[in-house]
Each structure stands twice: as C-alpha cells, then as structure tokens.
Amino acid sequence: MKNFVWCEALSVGIDELDTQHKHFLELVNTAHLIKKNKKNSKKVAEELMIEIEAYARKHFDTEEKYFEEYNYPKAAEHALEHVKLLERISAMYDGVLFESISIDKVADLLDDWLEHHLLTSDMDYAKFINTKRECGDGVFSWFCRVLKRIQWFFS
C-alpha cells in the first residue's frame, strides 16, 4: 500500500498552502487505505469524495488568492487546471455514488493530482511568489530576480 509522508521537497514555502497540502496527503493516504481494505468502501468512499471536493474548492480558492495578491503571470492557466480537477472530482463523486467507479480510480486521481499538479504546477507558482516576497517590487527587484533565476539554473 502506498503511504505518502510529508517532506520539505513538497513544501511551497507558504505556510497556509503547506498546511493544506499536508491535509491533501492525508486524503491520498486515506484513499489508499480504503482501496486496500475494500470492506464497506462505498460509503467511506462517498464520504471521502465529499471531503476531497470541499478540500479542493477551499484550497484552490486559497491558491488563487495568492495568485492575485502577487500578480502571478500564469494565474489563468493554473486556475484552468483547478477547473479541470474539480470537474474530474465531480465526475468521480458521481461514479462512486452510482458504483460505476471504484475507490481504485479515486486513488489514481489523487496520485495523479499529487504528481502532476502539486509537484509541478504548484512548484512553479511557489518559485514566483517566494522570489517576489524576497525581492519585492522596488527599483532593484529586477536584479534580485535575475540573481534568483541564475541560482535556479545552477541548482
């Protein structure tokens, strides 16, 4: 059984979002536990899907608040990913409810979300926001950002 554990490599460097991402890992681990146990999994899977949807809406709203605050240039593209994930979650919930989708598919969705959204898209905004937080918007902020990009290139 998969069991994901929080580590600093998953951190976006924004406490509020890291706390939410930690909760997301708990949801992923819960899905894998349900998948493993199979007993009474329909009702538990339905409850999990309700929690996943509520989490996703709150989390995406929080991320988008940061995008607006820091004028993240890829905000629209990232928000579109959020819309697509919410559509997939909604379809999964319907599938679990009507027993056309198993908990295995839910676990797969969450794994995919972790791998492709959190570990790639979220890390992109993290670099941007954290650099902007560190460098600010002042006269020499462009120089600070250039130095940061050089650091990223060599790391």
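Results, tabulated for the structure shown:
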{"quantity": "One residue from V5, V12 being within 13 Å of the chain's Cα centre (by Cα), assigned to a loop (DSSP other than H, G, I, E, B) and in contact (Cβ under 8 Å) with a residue 12 or more places away in the chain", "calculated": "V12"}
{"quantity": "Hits in segment 81-126 - residues which are assigned to a helix (DSSP H, G or I), more than 20 Å from H32 (Cβ to Cβ) and either touching a residue at least 40 places away in the same chain (Cβ under 8 Å) or hydrophobic (A, V, I, L, M, F, W, C) (or both)", "calculated": "E81, V83, L86, A91, L97, S121, D122, M123, D124, Y125, A126"}
{"quantity": "Of all residues in segment 53-84 being of a type outside the set (K, R) and closer than 18 Å to T30 by Cβ, the one that is surrounded by the fewest Cβ atoms within 10 Å (Cβ to Cβ)", "calculated": "A54"}
{"quantity": "Filter result (modelled with pLDDT of 90 or more and among the charged types (D, E, K, R)) within segment 90-112", "calculated": "D94"}
{"quantity": "Count of residues meeting criterion [more than 29 Å from F98 (Cα to Cα) and either more than 14 Å from the chain's Cα centre (by Cα) or outside any helix (DSSP H, G or I) (or both)] in segment 39-65", "calculated": "1"}
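The values are calculated or read from the model by the stated rules, or taken from the named source; none is laboratory data. A quick note: this is a predicted structure, and the numbers were derived from the prediction, not measured. Note that each Cβ is placed from the backbone with ideal geometry, even for glycine, and that neighbours are counted across all protein chains shown.
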